[in-house]
């Protein structure tokens, strides 16, 4: 019978390739449309759950009890609707009427690119468009639309308001990084 100390080196040898593969699947950078974004170090890479999503990240609170989701979309040239249609769609994902939301839309220029930021707080209705939704009170959305001739890039973070607010600086740094 072998002792645990004689089996341990063999276990490490067999697990090492799997661990290396896992590390390789958590990219520090990722491409969406024509832009290469840098993932904030503490944010986790998540495999996309829909073919419409080009990248997906998870933001955990410091105590790991709450999560926010960050999703990137790119539909190509002329795809995905215009800026106004997407702002309206995002604000429409809240239970409260648009005029009752704590919302803000801001256009900025970064480098030579126009970026429209959308912020909203209220009861977010999570779920696929046209499908059943789950109301999530005390939630926020922080979105960015980067205009591009190759097709706009849409980035959206949703989650508990305190976590989204605490992650705003990292979100904007990630969005604006490739534009400077």
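The set of residues in the range 129-152 that are out of contact with any helix residue (DSSP H, G or I) (no Cβ under 9 Å at 6 or more places or on another chain), more than 25 Å from residue 170 (Cβ to Cβ) and either surrounded by 13 or more Cβ atoms within 10 Å (Cβ to Cβ) or free of Cβ contacts under 8 Å to residues at least 60 places away in the same chain (or both) comprises 130, 131, 132, 133, 134, 135. Within the range 61-72, not a single residue is in contact with a helix residue (DSSP H, G or I) (Cβ under 9 Å, 6 or more places away or on another chain), over 17 Å from residue 159 (Cβ atoms) and surrounded by fewer than 15 Cβ atoms within 10 Å (Cβ to Cβ).
Residues are listed down the side, and each one gets a yes or a no for (1) modelled with pLDDT of 95 or more; (2) within 20 Å of residue 79 (Cα to Cα); (3) part of a strand (DSSP E or B):
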{"residue": "129", "(1), (2), (3)": "no, yes, no"}
{"residue": "138", "(1), (2), (3)": "yes, no, yes"}
{"residue": "141", "(1), (2), (3)": "yes, no, yes"}
{"residue": "145", "(1), (2), (3)": "yes, yes, yes"}
{"residue": "149", "(1), (2), (3)": "no, yes, no"}
{"residue": "157", "(1), (2), (3)": "yes, no, yes"}
{"residue": "164", "(1), (2), (3)": "yes, no, no"}
{"residue": "168", "(1), (2), (3)": "yes, no, no"}
{"residue": "171", "(1), (2), (3)": "yes, no, no"}
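Within the range 165-180, being within 14 Å of residue 118 (Cα to Cα) and under 11 Å from the mean Cα position of the chain (by Cα) holds for 171, 175. Selection of the range 111-127 for residues being at positive phi and in a strand (DSSP E or B) yields only 122. The number of residues in the range 81-110 that are closer than 23 Å to residue 134 by Cβ, part of a helix (DSSP H, G or I) and modelled with pLDDT of 90 or more comes to 6. Among the strands (runs of 3 or more DSSP E) confined to the range 32-79, the ones with at least 2 residues that are free of Cβ contacts under 8 Å to residues at least 24 places away in the same chain are located at 44-46, 53-60. Do we find that residue 83 is more than 17 Å from the chain's Cα centre (by Cα) and surrounded by 14 or more Cβ atoms within 10 Å (Cβ to Cβ) in this structure? Yes.
The values are calculated or read from the model by the stated rules, or taken from the named source; none is laboratory data. For clarity, every value in this text was computed on a predicted model and none was experimentally measured. All Cβ positions, glycine included, derive from the backbone under ideal geometry; neighbour counts span all protein chains shown.
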